[in-house]
Amino acid sequence: MLLEVSGLRAGYGPTHVLHGLDFAVEEGGVTTLLGANGAGKTTTLRAVCGMVRAEGEVSLAGQRITGLATEDIARRGVAHVPDGRGTFMELTVEENFRLGAYTRRDAEVQRDFERMWEWFPRLKQRWKQQAGTLSGGEQQMLAIARALLLRPKLLLLDEPSFGLAPLIVQDIFGILRRIRAESGVGILLVEQNANLALELADRAYLLETGRIVMSGPAAEIRQDEAIRRSYLGY
Ligand code: ATP
(Lines give C-alpha, C1' and ligand atoms only; values in the text may rest on other atoms or scores of the structure.)
Protein backbone atom coordinates (compact mmCIF):
# COMPACT_ATOMS: atom_id res chain seq x y z
CA MET A 1 0.00 0.00 0.00
CA LEU A 2 1.10 3.53 -0.73
CA LEU A 3 -1.13 5.21 1.84
CA GLU A 4 -2.59 3.41 4.83
CA VAL A 5 -4.86 5.22 7.20
CA SER A 6 -6.39 3.80 10.31
CA GLY A 7 -8.42 5.34 13.08
CA LEU A 8 -8.04 8.82 11.61
CA ARG A 9 -9.66 11.48 13.76
CA ALA A 10 -9.52 15.18 13.06
CA GLY A 11 -11.40 18.41 13.54
CA TYR A 12 -11.21 22.13 13.99
CA GLY A 13 -10.65 23.40 17.52
CA PRO A 14 -13.17 21.67 19.75
CA THR A 15 -15.21 20.38 16.79
CA HIS A 16 -14.63 16.76 15.84
CA VAL A 17 -15.24 16.13 12.17
CA LEU A 18 -13.62 12.76 11.46
CA HIS A 19 -14.42 9.96 13.88
CA GLY A 20 -11.93 7.20 13.08
CA LEU A 21 -11.50 6.51 9.37
CA ASP A 22 -9.77 3.50 7.86
CA PHE A 23 -8.84 3.64 4.20
CA ALA A 24 -6.00 3.06 1.79
CA VAL A 25 -4.54 4.03 -1.58
CA GLU A 26 -2.60 1.41 -3.51
CA GLU A 27 0.73 2.12 -5.15
CA GLY A 28 -0.21 3.81 -8.45
CA GLY A 29 -3.91 3.42 -7.64
CA VAL A 30 -6.80 5.83 -7.38
CA THR A 31 -9.01 5.92 -4.29
CA THR A 32 -12.04 8.15 -4.19
CA LEU A 33 -13.92 9.53 -1.20
CA LEU A 34 -17.61 10.08 -1.82
CA GLY A 35 -20.16 11.72 0.40
CA ALA A 36 -22.57 14.59 0.77
CA ASN A 37 -21.51 18.16 1.50
CA GLY A 38 -20.06 18.44 4.96
CA ALA A 39 -19.34 14.70 5.30
CA GLY A 40 -15.67 15.43 5.93
CA LYS A 41 -13.99 14.71 2.60
CA THR A 42 -11.99 17.92 2.42
CA THR A 43 -11.04 17.56 6.05
CA THR A 44 -9.73 14.06 5.32
CA LEU A 45 -7.37 15.40 2.66
CA ARG A 46 -6.26 18.15 5.02
CA ALA A 47 -5.62 15.63 7.77
CA VAL A 48 -3.49 13.45 5.47
CA CYS A 49 -1.30 16.39 4.43
CA GLY A 50 -0.98 17.82 7.94
CA MET A 51 -3.09 20.92 7.49
CA VAL A 52 -5.37 20.03 10.37
CA ARG A 53 -4.51 18.38 13.63
CA ALA A 54 -5.02 14.64 13.26
CA GLU A 55 -4.83 11.55 15.43
CA GLY A 56 -4.57 7.95 14.38
CA GLU A 57 -2.21 6.24 11.99
CA VAL A 58 -1.33 7.65 8.60
CA SER A 59 1.53 5.97 6.82
CA LEU A 60 3.05 6.67 3.46
CA ALA A 61 4.99 3.83 1.87
CA GLY A 62 5.27 2.23 5.30
CA GLN A 63 6.47 5.34 7.16
CA ARG A 64 4.32 7.03 9.75
CA ILE A 65 3.54 10.63 8.83
CA THR A 66 0.81 11.45 11.38
CA GLY A 67 1.54 14.67 13.22
CA LEU A 68 4.38 15.80 10.96
CA ALA A 69 4.42 19.37 9.67
CA THR A 70 2.85 20.01 6.27
CA GLU A 71 6.26 20.74 4.69
CA ASP A 72 7.68 17.47 5.98
CA ILE A 73 4.74 15.54 4.63
CA ALA A 74 5.13 17.33 1.29
CA ARG A 75 8.83 16.53 1.24
CA ARG A 76 8.06 12.86 1.76
CA GLY A 77 5.94 12.87 -1.36
CA VAL A 78 2.42 14.12 -0.72
CA ALA A 79 1.15 16.92 -3.01
CA HIS A 80 -2.15 18.60 -2.31
CA VAL A 81 -4.36 20.36 -4.87
CA PRO A 82 -6.91 22.12 -2.66
CA ASP A 83 -10.38 23.11 -3.78
CA GLY A 84 -10.06 26.66 -5.01
CA ARG A 85 -6.98 25.44 -6.86
CA GLY A 86 -3.89 26.99 -5.30
CA THR A 87 -2.06 28.59 -8.17
CA PHE A 88 -0.27 31.91 -7.97
CA MET A 89 -2.63 34.16 -9.87
CA GLU A 90 -0.23 37.04 -10.49
CA LEU A 91 2.44 34.76 -11.89
CA THR A 92 2.60 33.33 -15.39
CA VAL A 93 2.11 29.68 -16.22
CA GLU A 94 5.87 29.35 -16.63
CA GLU A 95 6.56 30.93 -13.23
CA ASN A 96 4.00 28.64 -11.59
CA PHE A 97 5.76 25.65 -13.17
CA ARG A 98 9.12 26.87 -11.88
CA LEU A 99 7.71 27.28 -8.37
CA GLY A 100 6.26 23.77 -8.56
CA ALA A 101 9.73 22.42 -9.24
CA TYR A 102 11.68 24.78 -7.00
CA THR A 103 12.57 22.23 -4.35
CA ARG A 104 14.11 19.99 -6.95
CA ARG A 105 17.67 20.21 -8.11
CA ASP A 106 17.71 17.26 -10.43
CA ALA A 107 18.40 17.55 -14.10
CA GLU A 108 15.04 16.08 -14.96
CA VAL A 109 13.01 19.19 -14.30
CA GLN A 110 13.07 20.18 -17.97
CA ARG A 111 11.99 16.68 -18.98
CA ASP A 112 9.10 16.93 -16.52
CA PHE A 113 8.06 20.26 -18.00
CA GLU A 114 7.89 18.54 -21.37
CA ARG A 115 5.83 15.76 -19.89
CA MET A 116 3.40 18.31 -18.45
CA TRP A 117 3.15 20.01 -21.86
CA GLU A 118 2.24 16.65 -23.32
CA TRP A 119 -0.45 16.03 -20.72
CA PHE A 120 -1.63 19.65 -20.65
CA PRO A 121 -1.00 21.11 -24.13
CA ARG A 122 -3.21 24.09 -23.31
CA LEU A 123 -0.75 25.17 -20.64
CA LYS A 124 2.06 25.17 -23.14
CA GLN A 125 0.02 27.42 -25.41
CA ARG A 126 -0.45 29.80 -22.48
CA TRP A 127 3.10 29.64 -21.16
CA LYS A 128 3.62 33.39 -20.76
CA GLN A 129 0.07 34.16 -19.68
CA GLN A 130 -0.80 35.22 -16.14
CA ALA A 131 -2.48 32.40 -14.23
CA GLY A 132 -5.25 34.71 -13.06
CA THR A 133 -6.34 35.25 -16.66
CA LEU A 134 -6.64 31.53 -17.48
CA SER A 135 -10.04 29.88 -17.72
CA GLY A 136 -11.22 27.91 -14.70
CA GLY A 137 -10.36 24.63 -16.41
CA GLU A 138 -6.87 25.83 -17.32
CA GLN A 139 -6.30 26.98 -13.75
CA GLN A 140 -7.28 23.55 -12.51
CA MET A 141 -4.87 21.99 -15.00
CA LEU A 142 -2.12 24.33 -13.84
CA ALA A 143 -2.74 23.42 -10.21
CA ILE A 144 -2.48 19.71 -11.02
CA ALA A 145 0.63 20.20 -13.17
CA ARG A 146 2.29 22.26 -10.45
CA ALA A 147 1.59 19.55 -7.87
CA LEU A 148 2.97 16.84 -10.18
CA LEU A 149 6.19 18.80 -10.66
CA LEU A 150 7.00 17.98 -7.03
CA ARG A 151 7.23 14.37 -8.23
CA PRO A 152 4.89 13.23 -5.47
CA LYS A 153 4.17 9.63 -4.57
CA LEU A 154 0.63 10.64 -3.68
CA LEU A 155 -1.56 13.36 -5.14
CA LEU A 156 -4.48 14.66 -3.06
CA LEU A 157 -7.10 16.11 -5.38
CA ASP A 158 -9.99 18.09 -3.96
CA GLU A 159 -12.93 18.50 -6.37
CA PRO A 160 -11.06 18.93 -9.65
CA SER A 161 -14.39 19.42 -11.44
CA PHE A 162 -15.60 22.19 -9.17
CA GLY A 163 -17.29 25.03 -11.03
CA LEU A 164 -16.25 23.80 -14.48
CA ALA A 165 -18.33 23.19 -17.59
CA PRO A 166 -19.03 19.50 -18.37
CA LEU A 167 -16.77 19.39 -21.43
CA ILE A 168 -13.80 20.76 -19.50
CA VAL A 169 -14.49 18.29 -16.72
CA GLN A 170 -14.35 15.47 -19.29
CA ASP A 171 -11.01 16.85 -20.48
CA ILE A 172 -9.59 16.94 -16.98
CA PHE A 173 -10.70 13.41 -16.19
CA GLY A 174 -9.25 12.24 -19.50
CA ILE A 175 -5.94 13.77 -18.49
CA LEU A 176 -6.17 12.18 -15.02
CA ARG A 177 -6.70 8.77 -16.65
CA ARG A 178 -3.59 9.33 -18.71
CA ILE A 179 -1.56 10.49 -15.72
CA ARG A 180 -2.69 7.44 -13.86
CA ALA A 181 -1.60 5.14 -16.67
CA GLU A 182 1.69 6.87 -17.39
CA SER A 183 3.04 8.19 -14.11
CA GLY A 184 2.64 5.70 -11.29
CA VAL A 185 1.49 8.41 -8.89
CA GLY A 186 -1.20 7.36 -6.41
CA ILE A 187 -4.28 9.57 -6.22
CA LEU A 188 -6.70 10.25 -3.39
CA LEU A 189 -9.64 11.95 -5.06
CA VAL A 190 -12.51 13.91 -3.56
CA GLU A 191 -15.14 14.58 -6.18
CA GLN A 192 -18.81 15.57 -6.26
CA ASN A 193 -19.26 13.96 -9.65
CA ALA A 194 -19.49 10.40 -8.40
CA ASN A 195 -19.91 8.94 -11.88
CA LEU A 196 -16.57 10.28 -13.04
CA ALA A 197 -14.86 9.54 -9.75
CA LEU A 198 -15.96 5.89 -9.80
CA GLU A 199 -14.89 5.51 -13.42
CA LEU A 200 -11.38 6.65 -12.59
CA ALA A 201 -10.96 5.02 -9.18
CA ASP A 202 -10.22 1.46 -8.25
CA ARG A 203 -11.32 1.83 -4.62
CA ALA A 204 -14.10 3.95 -3.15
CA TYR A 205 -15.22 4.93 0.32
CA LEU A 206 -18.48 6.58 1.25
CA LEU A 207 -18.36 9.08 4.10
CA GLU A 208 -21.31 10.15 6.19
CA THR A 209 -20.77 12.69 8.96
CA GLY A 210 -17.15 11.76 9.47
CA ARG A 211 -17.53 7.98 9.30
CA ILE A 212 -17.01 5.49 6.51
CA VAL A 213 -20.29 3.73 5.90
CA MET A 214 -19.39 1.78 2.78
CA SER A 215 -16.21 0.78 0.97
CA GLY A 216 -15.06 -1.52 -1.77
CA PRO A 217 -13.80 -1.80 -5.33
CA ALA A 218 -15.10 1.17 -7.33
CA ALA A 219 -16.73 -1.16 -9.86
CA GLU A 220 -18.80 -2.76 -7.10
CA ILE A 221 -19.75 0.50 -5.44
CA ARG A 222 -21.02 1.71 -8.83
CA GLN A 223 -23.46 -1.17 -8.93
CA ASP A 224 -24.81 -0.54 -5.45
CA GLU A 225 -28.47 0.34 -5.53
CA ALA A 226 -28.37 3.00 -2.78
CA ILE A 227 -25.27 4.63 -4.24
CA ARG A 228 -26.86 4.73 -7.65
CA ARG A 229 -29.98 6.35 -6.31
CA SER A 230 -28.26 8.91 -4.07
CA TYR A 231 -25.04 9.71 -5.89
CA LEU A 232 -25.20 8.57 -9.50
CA GLY A 233 -28.68 9.71 -10.40
CA TYR A 234 -29.95 6.58 -12.18
P1 ATP B 1 -17.91 19.81 0.90
O2 ATP B 1 -18.11 18.96 -0.28
O3 ATP B 1 -19.08 20.68 1.21
O4 ATP B 1 -16.60 20.54 0.95
P5 ATP B 1 -16.77 17.92 2.72
O6 ATP B 1 -17.24 16.51 2.77
O7 ATP B 1 -15.50 18.17 2.02
O8 ATP B 1 -17.92 18.81 2.14
P9 ATP B 1 -15.59 19.25 4.93
O10 ATP B 1 -15.28 20.47 4.16
O11 ATP B 1 -14.48 18.36 5.30
O12 ATP B 1 -16.70 18.41 4.20
O13 ATP B 1 -16.36 19.71 6.24
C14 ATP B 1 -16.74 18.82 7.28
C15 ATP B 1 -17.24 19.60 8.46
O16 ATP B 1 -16.19 20.40 9.01
C17 ATP B 1 -18.36 20.55 8.13
O18 ATP B 1 -19.31 20.48 9.17
C19 ATP B 1 -17.70 21.91 8.11
O20 ATP B 1 -18.58 22.93 8.50
C21 ATP B 1 -16.57 21.75 9.10
N22 ATP B 1 -15.41 22.59 8.74
C23 ATP B 1 -14.75 22.60 7.57
N24 ATP B 1 -13.74 23.48 7.57
C25 ATP B 1 -13.77 24.07 8.79
C26 ATP B 1 -12.99 25.09 9.43
N27 ATP B 1 -11.94 25.65 8.81
N28 ATP B 1 -13.32 25.44 10.69
C29 ATP B 1 -14.36 24.86 11.32
N30 ATP B 1 -15.13 23.89 10.79
C31 ATP B 1 -14.85 23.50 9.54
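Which residue, of Ala204, Ala107, Ala194, Ala181, is at pLDDT below 95 and closer than 19 Å to Phe23 by Cα?
Of Ala204, Ala107, Ala194, Ala181, the one residue that is at pLDDT below 95 and closer than 19 Å to Phe23 by Cα is Ala194.
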Review point. In the list Ser230, Ser161, which residue meets the criterion of being among the hydroxyl-bearing types (Ser, Thr, Tyr) and either more than 16 Å from the ligand (Cβ to nearest atom) or assigned to a helix (DSSP H, G or I) (or both)?
Key: Ser230
Exercise for review: Determine if segment 58-76 includes at least one residue that is within 30 Å of Gln125 (Cβ to Cβ) and either away from the ligand (no atom under 16 Å from the Cβ) or modelled with pLDDT under 95 (or both).
Suggested key: yes
Check your understanding: Do we find a residue being β-branched (Val, Ile, Thr), within 14 Å of the chain's Cα centre (by Cα) and in the same structural domain as Leu207 (by TED's automatic domain parsing) anywhere in segment 17-30?
Key -> yes
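Show me the strands (runs of 3 or more DSSP E) entirely contained within segment 15-129 in which 1 or more residues are crowded, with 20+ Cβ neighbours inside 10 Å and without any contact (Cβ under 8 Å) to a residue 60 or more places away in the chain.
Passing ranges, in order: 54-60.
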Point to revise | Unmet criterion (only one of (1) within 19 Å of the chain's Cα centre (by Cα); (2) part of a helix (DSSP H, G or I); (3) outside the structural domain of Thr103 (by TED's automatic domain parsing)) for Tyr205 | key: (2)
Practice item. Find all pairs meeting these conditions: Cβ atoms under 9 angstrom apart; at least six residues apart or on different chains; first residue within segment 153-181 and in contact (Cβ under 8 Å) with a residue 12 or more places away in the chain and more than 15 Å from Ala79 (Cβ to Cβ); second residue more than 16 Å from the ligand (Cβ to nearest atom) and assigned to a loop (DSSP other than H, G, I, E, B). Key: Leu164/Ser135; Ile168/Ser135; Ile175/Phe120
Revision key, fill the gap. Scanning segment 200-227 residue by residue, those without any contact (Cβ under 8 Å) to a residue 60 or more places away in the chain and within 14 Å of the ligand (Cβ to nearest atom) turn out to be Val213
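The values are calculated or read from the model by the stated rules, or taken from the named source; none is laboratory data. Just so it is clear, the model here is predicted, and its values are computed rather than measured. Don't worry about glycine lacking a Cβ; one is built from the backbone with ideal geometry, like all the others, and counts go over all protein chains shown.
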